[in-house]
Amino acid sequence: MTAHPRPHSADEMIPCDVCHKEIPLSEAQRFEAQDYVAHFCGLDCYSTWKHRSEALKQQDKDSQR
Ligand SMILES: [Zn+2]
């Protein structure tokens, strides 16, 4: 097995939760939800995600009897 050297392991790349672009963890917009952490490449994606999750929550409520 070959070990992949990771010289910048402190600056890990993570995908944006909305557009899936890879961004350095240190530059990501971070949002901690109840049971997970979401990352975004910028505030635009953050607000997209926020609107989306609020819409989902609304659907949840609507589907509850
Ligand atoms: Zn994004």
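Restricting attention to the stretch 31-53, which residues are more than 20 Å from MET13 (Cβ to Cβ) and either touching a helix residue (DSSP H, G or I) at 6+ places or on another chain (Cβ under 9 Å) or loosely packed, with under 10 Cβ neighbours inside 10 Å (or both)?
ALA33, GLN34, ASP35
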Discussion item. If I filter the stretch 20-65 down to residues being part of a loop (DSSP other than H, G, I, E, B) and basic (Lys, Arg), which single residue comes out as modelled with the highest pLDDT?
Written reply: LYS21
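The values are calculated or read from the model by the stated rules, or taken from the named source; none is laboratory data. Please read these numbers as outputs of a predicted model, since none were measured by experiment. Here Cβ is always computed from backbone atoms with ideal geometry, including for glycine, and neighbour counts include all displayed protein chains.
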